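A quick write-up on the structure given underneath.
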Amino acid sequence: MRAKSRWQLLLLWFFATHCVAAEYERFWLNKESSYLVFVAKDGQQFEAPRLADQVGYEMPRISADGRYIGWLAMYPNCCTSYPIGLKLVVRDPSGKLHTFSGNKLVLFDWCFMPGAPSVAFRQSVLHGTDYMHFEWRGIADERLLGEYDYPPDESEQARERAPDWVRCVPD
């Protein structure tokens, strides 16, 4: 490979890995939860895309290092008057979107795990039980790193016995 080609590849790699990534510091979600924008420290803005059949956004978050952003994608539900969270969407520093739906139950809350490019989230049914399902997933490969289920009617004791990573997810 010629020296000029190597420099071109090096420059391409540098811009692809360093210039796409922004450090986000805040977001704006409109009153109807139908429009979500993240704002980087340099003023760059990213409008969260709407997935197929998605009607809104909830629980936008920015990772502690500002490199990852995420939100719950809200979908219509036949049996409620309000939309429900069925997917967690995370944008990585390269701009790639990762979606997580766990065991296909409603997503109620989530967090970026401290110190690792991963997320944890809580799922359950809308009414009728205390059952909760938690998953911990890597962002880059979307791989399942851990899961935990609260037994029905034991939520207080189950939270105390839960693995440490479950505590990241708000009650």
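The values are calculated or read from the model by the stated rules, or taken from the named source; none is laboratory data. For clarity, every value in this text was computed on a predicted model and none was experimentally measured. With ideal geometry, Cβ positions are generated from the backbone for all residues, glycine too; neighbour counts draw on all protein chains shown.
Quick one: would you say Tyr150 is aromatic (Phe, Trp, Tyr) and touching a Pro at 6+ places or on another chain (Cβ under 8 Å)?
For Tyr150, the condition - aromatic (Phe, Trp, Tyr) and touching a Pro at 6+ places or on another chain (Cβ under 8 Å) - is not met.
Among the residues of segment 55-71, is there at least one that is touching a Pro at 6+ places or on another chain (Cβ under 8 Å), among the acidic types (Asp, Glu), closer than 22 Å to Glu142 by Cα and free of Cβ contacts under 8 Å to residues at least 60 places away in the same chain?
No, segment 55-71 contains no residue that is touching a Pro at 6+ places or on another chain (Cβ under 8 Å), among the acidic types (Asp, Glu), closer than 22 Å to Glu142 by Cα and free of Cβ contacts under 8 Å to residues at least 60 places away in the same chain.
Of everything in segment 1-54 that's more than 30 Å from Pro76 (Cβ to Cβ) and of a type in the set (Lys, Arg), which residue is modelled with the highest pLDDT? Give the derivation first.
Of the residues in segment 1-54, the ones more than 30 Å from Pro76 (Cβ to Cβ) are 1-23, 25, 40-44.
Adding the requirement that they be of a type in the set (Lys, Arg) leaves 2, 4, 6, 41.
Details: Arg2: 56, Lys4: 56, Arg6: 58, Lys41: 95.
Result: Lys41.
Please count how many residues of segment 91-135 are among the hydrophobic types (A, V, I, L, M, F, W, C) and over 11 Å from the mean Cα position of the chain (by Cα).
Going through segment 91-135 one residue at a time, the tally reaches 8.
Could you check segment 60-125 for strands (runs of 3 or more DSSP E) lying wholly inside it with 2 or more residues that are of a type in the set (D, E, K, R)?
84-91
Would a scan of segment 131-144 turn up a residue that is within 28 Å of Glu25 (Cβ to Cβ) and modelled with pLDDT under 95?
No, segment 131-144 has no match at all.
Would you check if there is a residue in segment 141-156 being aliphatic (A, V, I, L, M) and over 16 Å from the mean Cα position of the chain (by Cα)? Write out each step before concluding.
From segment 141-156, those aliphatic (A, V, I, L, M) are 144-145; that's our starting set.
From what's left, over 16 Å from the mean Cα position of the chain (by Cα): none.
No, segment 141-156 has no match at all.
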